[in-house]
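Working notes, beginning with the structure itself.
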Amino acid sequence: MTITRIDVAPRMSEAVIHNDTVYYTSVPEDLTGDAEAQTADALAVIDRILARVGSDKSKILDATIFLTEKADFDAMNRAWDAWVSPDNAPVRCTVQAGLMDPQFKVEIKVIAAL
């Protein structure tokens, strides 16, 4: 059994790979935008990490989206719909959650195949 941890820090790893499966949680880097902009930013971060490990958004199996406000659901979906691989949409759920940084409007957890 091989587990590869990407950018390991004392508290967490950037991503983890096990059995040709990538586990990653993305937050937006630019916190100045609205929910649509923060979602687009977090999705771009997902693109970068997946490319770095040899995968891409068409290989995402599962996505969980955490929103701080239910009212941001449509804005988040606009960014998601513009980004998602239309013929390869993953299983997805969206939940309302109180995120730890009050500037975050969205956080996205994905599981992808290599």
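The values are calculated or read from the model by the stated rules, or taken from the named source; none is laboratory data. What you are looking at is a predicted structure, and each value in this text was computed from that prediction instead of being measured. Note that we place each Cβ from the backbone using ideal geometry, even for glycine, and neighbour counts take in every protein chain shown.
A few comments on the model shown:
- Strands (runs of 3 or more DSSP E) contained entirely in segment 10-114, each with at least 3 residues that are within 12 Å of the chain's Cα centre (by Cα), surrounded by 20 or more Cβ atoms within 10 Å (Cβ to Cβ) and at pLDDT 95 or above: 21-26, 60-67, 106-113
- Of the criteria (1) within 20 Å of VAL84 (Cα to Cα); (2) in contact (Cβ under 8 Å) with a residue 60 or more places away in the chain; (3) of a type outside the set (Ser, Thr, Tyr), which one ASP20 fails: (1)
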